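Report on the structure given below.
The values are calculated or read from the model by the stated rules, or taken from the named source; none is laboratory data. Bear in mind that the values here come from a model prediction, so they are computed numbers and not experimental data. Quick reminder, even Gly has a Cβ in these numbers, built from the backbone with ideal geometry, and neighbours come from all protein chains shown. For accessibility, only protein heavy atoms count, side chains too; no ligands or nucleic acids. Shrake-Rupley method; radii C 1.70, N 1.55, O 1.52, S 1.80 Å.
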Amino acid sequence: MPSTHALLHDPDGLVEGELPLDRGSHEGLVKAVLGWNSGAGSPASDCEQIAPQLTGAARAVAADVRRAGALLPVEHPARVLAEYVREVTGRRLSVRLEGTVRCAQDRARLVRELYQHLDCLADLTPHTTAAP
């Protein structure tokens, strides 16, 4: 039986640290996955490989959202929204991965939404920049 969990070997904590996100490749993958026609489907093996990649991207962008939100004053509404977004992201990422187009597209939509939140926070915090 295949594992339902994907692990990322990151002993130095680079994903959660200062390693810049590869936004261009994430956005390209998101666009491709959201362009799939669920009726035609994509091979399950493709979905099984892409969903974990999108999950990792979502976790990394969510960490950037958290860091950007933390730069705002405690009472700032965008900081509260950033925490809410992280909580919702955690719940969405806790859903078991499946080798389906729907699952991969759900993860792709999440990555897209997280980048939108990150961009909004970057506009509010001059000390941060959205990932290139």
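Only one residue in GLY69, GLY39, GLY24 is more than 21 Å from ARG91 (Cα to Cα) and modelled with pLDDT of 90 or more. Which one?
Details: GLY69 fails: more than 21 Å from ARG91 (Cα to Cα); GLY39 fails: modelled with pLDDT of 90 or more.
Within the list GLY69, GLY39, GLY24, the selection yields GLY24.
What are the pairs with Cβ atoms under 8 angstrom where one residue, in segment 85-97, is not hydroxyl-bearing (Ser, Thr, Tyr) and the other, located anywhere, is not in a helix (DSSP H, G or I)? Sequence gap at least six, or different chains.
From segment 85-97, the pairs are ARG96/THR4; LEU97/THR4; LEU97/ALA6.
Can you pull out every residue in segment 40-76 that is basic (Lys, Arg) and either open to solvent by less than 70 Å² (accessible area, probe 1.4 Å) or in contact with a Phe, Trp or Tyr (Cβ under 7 Å, 6 or more places away or on another chain) (or both)?
Correct list: ARG67 only.
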